[in-house]
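To start, the structure under review is shown below, and the notes come after it.
The values are calculated or read from the model by the stated rules, or taken from the named source; none is laboratory data. Just so it is clear, the structure is predicted and the values come from calculations on it, not from any experiment. Heads up, the Cβs are rebuilt from the backbone with ideal geometry, glycines too, and the neighbour counts pull from every protein chain shown.
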Amino acid sequence: MGADPGLVHRNGWTPYLFLAPGLLMVALFSLWPFLNTVVLSFTDARILSGGSFVGFDNYGRALADPDFWTATGNSVLYLLVVVPCLVLLPLALAVLVQAKVPGIGLFRSAFYTPVIASAVVVGLIWQWVLRSDGLVNTVFEALGVVSEPVPFLTDSTLLLFSAMLVTVWKGLGYYMVFYLAALGNVPASLHEAAALDGAGPVRRFFSITIPQVKPMMLLVGTLSAVSALRVFTEIYILGGESGGPGGGARTLPFLIRQVGLGFAGETGYACAISLLLFLLTLAFSLLGHRLSKGDEE
């Protein structure tokens, strides 16, 4: 007996009905805000006014704004420091906790704990640790390492690197899980054969482990690069609303908030900077995709 044509037709729409709620959410909360941001970036809109069309004036203003270039430099520096750390350190950590020994699950949980902690809570903890009368400076002074407190939170450069430390510390456990999954797919026979040939742990790590998990390293590098370009909370908690002394530690997300915040906020200009940040993020994402494609070839 042949299938009912009407039933087949109705079944053909079934997958789209299941997809519809998710697609609607994406359209409302992702696609529409993005398109609205693009439109507003070509206007002089403010918080309380729609504004008028100004063409590429906002983009020209951004490219001529020293604050924009300072924030861009800080964001790129953040990426260049944080990404290598989050690619290599979680891999080393995953190798260490991969061993199946009693109690290793406790260590895995301990390393993962910062991931589930609120970014605000983590920032406040590190603020207490790094402030002038905090734990680090107290220990340094007690040991005679320094004669006066190190300005971790009051010097723009040190503040930026302190925020990087918080980002790396919070991301270690997250990316460790990625690597544990990748290491679980490495054939044990490769290590056994290399060990029979006299290769030690270090040689096996560089000759077997790294080549086998290289695709995961590229993925982690791309994800951590995108996260580094979007960093805001760490700098806000450690450096306050100004982004450090004179705003010297501001990143692009921080600058976008400052430009667009308040009743006098310049929404159009903030949207233009947001689009420039999007293009920068897209460039690094495409670079990661290109590297992963080249590795597959």
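Annotations
- Identity of the residue in the stretch 85-107, without any contact (Cβ under 8 Å) to a residue 24 or more places away in the chain and not hydrophobic (A, V, I, L, M, F, W, C), that ends up nearest to THR233 (Cα to Cα): GLY105
- In the condition set (1) among the polar types (S, T, N, Q); (2) closer than 30 Å to GLY184 by Cα; (3) at pLDDT below 90, SER242 is compliant with all but (2).
- Flag for THR72 being of a type in the set (Ser, Thr, Tyr), modelled with pLDDT under 90 and either part of a helix (DSSP H, G or I) or within 19 Å of the chain's Cα centre (by Cα) (or both): no
- From the options LEU91, LEU79, LEU135, residue that is under 24 Å from ASP155 (Cα atoms) and either surrounded by 15 or more Cβ atoms within 10 Å (Cβ to Cβ) or of a type in the set (Phe, Trp, Tyr) (or both): LEU79
Let's see how each residue does on (1) assigned to a loop (DSSP other than H, G, I, E, B); (2) within 26 Å of the chain's Cα centre (by Cα):
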| residue | (1), (2) |
| --- | --- |
| ASP133 | yes, no |
| VAL145 | yes, no |
| PRO149 | yes, no |
| PHE161 | no, yes |
| MET164 | no, yes |
| VAL177 | no, yes |
| LEU190 | no, no |
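- Subset of the stretch 39-63 [small (Gly, Ala, Ser), surrounded by 13 or more Cβ atoms within 10 Å (Cβ to Cβ) and closer than 17 Å to PHE278 by Cα]: SER41, ALA62
- Breaking point among (1) more than 30 Å from VAL259 (Cα to Cα); (2) within 23 Å of the chain's Cα centre (by Cα); (3) modelled with pLDDT of 90 or more, for THR138: (2)
- Residue pairs meeting the criteria (Cβ under 6 Å; at least 6 apart or on separate chains; first touching a residue at least 12 places away in the same chain (Cβ under 8 Å) and surrounded by 10 or more Cβ atoms within 10 Å (Cβ to Cβ), in the stretch 10-38; second in a helix (DSSP H, G or I) and of a type in the set (S, T, N, Q)): THR37/SER274
- Any helices (runs of 4 or more DSSP H) falling wholly within the stretch 200-240 and containing at least 1 residues that are within 16 Å of ALA182 (Cα to Cα) and hydrophobic (A, V, I, L, M, F, W, C): 210-229
- Qualifying residue in the stretch 182-196 (condition: modelled with pLDDT of 90 or more and hydrophobic (A, V, I, L, M, F, W, C)): yes
- The C-beta contact set for the stretch 47-71 (first residue touching a residue at least 40 places away in the same chain (Cβ under 8 Å), second residue polar (S, T, N, Q) and surrounded by 11 or more Cβ atoms within 10 Å (Cβ to Cβ), distance under 7 angstrom, 6+ apart or interchain) comprises ILE47/THR267; GLY51/THR43; VAL54/THR43; ASN58/SER41; ALA71/THR251.
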